Amino acid sequence: MSTSKDTNTEQSILEAAKIVFVKKGMEGARMQEIADEAGINKAMLHYYYRSKDKLFEAVFTETFLKLVPNLIEIVKTDISLFDKIRIFVGNYIDIINENPLIPAFIIHELNRNPDRVVELMQSSGINPIFFTNQVENEIKEGIIEPVNPVHLIVNMLAMCIFPFVARPILQGIIFNEDRQQYEKFIQERKKEVSEFIINSIKKK
């Protein structure tokens, strides 16, 4: 078996596992279902991942780390806070829109194993100090109103994530199962969220 085939098979397993884990949850998922979804036999699945726990950990880690590198670079860049908010929100929404399983996995793992999420965040290099320092500096310079940087971060993340967590309600009820309208709404959120946040802190 070639290295390329190994890589493709492993990726197929991870993609299949994401589908089954989101559909059935960690506890309800069965290795046979994941093997069927990946188009392989159960023995092959166990060759790559000896247990469901190991497979879930691999899926969660891969899913979580899709969020991190690009966002860390944005936070570290030497640009104005307002531009940083616009770029961060736009990129964050794009990443989740391209990987819609991310919110479900993070919420599930936060409930199941919060220490694992903290460990992953620490090892990924996420450090809010770059952002909080900039917020505090721009408060001192009179560019923005006094604001708690932690609340600012939480508000940004919550406003970006909620439309994806609530997608069944938004798409099914508000947009009457019109997927195109939902997608249009998600694209509009980039400007809506960033400008809402900026206007809430901009010095009057």
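All of the numbers you see were taken from the coordinates with simple rules; none came from a lab. Predicted model only: the values in this text are computed from it and were never measured. For neighbour counting, all protein chains shown are included, and Cβ atoms are generated from backbone atoms with ideal geometry for every residue, glycine included.
Measuring nothing but how far apart in sequence close Cα pairs (under 8 Å, 6+ apart) lie, relative to its length, the stretch 62-163 scores a relative contact order of 33 percent. Multiplying each eigenvalue of the alpha-carbon gyration tensor of the stretch 3-59 by 5 and taking the square root yields semi-axes of 17, 10, 10 Å, largest first, rounded to whole angstroms. Please compute the alpha carbon radius of gyration of the stretch 66-201, then divide it by the globular-protein estimate 2.2 N^0.38 Å. Two decimals is fine. Taking the Cα Rg and dividing by 2.2 N^0.38 Å, one obtains 1.12. With respect to the chain, whose longest principal axis is taken over its alpha-carbon atoms, helix 102-112 is tilted by about 80°. Note that the stretch 30-45 has calculated 3J(HN,Hα) couplings of 10, 4, 5, 4, 5, 4, 4, 5, 7, x, 10, 8, 5, 5, 5, 4 Hz, one per residue in order, obtained from phi through the Karplus relation 6.51 cos²θ - 1.76 cosθ + 1.60 (θ = phi - 60°); glycine and proline are x. Taking the Cα centre of the chain as reference, the dipole from Cβ charges on Lys and Arg (+1) and Asp and Glu (-1) amounts to some 200 debye. Based on Cα contacts under 8 Å between residues 6+ apart, the chain shows a relative contact order of 20 percent. Taken about its Cα centre, the stretch 3-59 carries a charge dipole of roughly 100 debye when the Cβ of each Lys and Arg holds +1 and the Cβ of each Asp and Glu holds -1. Contact order, relative form, for the stretch 1-71: 31 percent (alpha carbon pairs under 8 Å, 6 or more residues apart, mean separation divided by residue count). Across the options 17, 172, 186, the greatest Cα extent toward the positive end of the charge dipole of the chain (unit charges at beta carbon of Lys, Arg, Asp, Glu) belongs to 172. The amide H of residue 202, built 1.01 Å from its N in the peptide plane, has 145 as neighbours under 5 Å, considering only residues 5 or more places off or on other chains.
Once both axes come from the Cα atoms, what is the angle between helix 129-140 and the longest principal axis of the chain, in degrees from 0 to 90, rounded to 10? Tilt relative to the chain: about 10 degrees.
The fewest-to-most ranking of 151, 108, 46 by surrounding Cβ atoms within 10 Å reads 151, 46, 108.
Sorting 85-91, 121-127 by their mean Cβ neighbour count within 10 Å, with the most densely packed peptide first, gives 85-91, 121-127.
In the chain, a dipole from Cβ-located charges (positive for Lys and Arg, negative for Asp and Glu) runs towards its positive end, and of 44, 152, 131 it is 152 whose Cα lies farthest in that direction. Reported to the nearest whole Å, the Cα centre-to-centre distance from the stretch 158-204 to the stretch 75-115 is 14.
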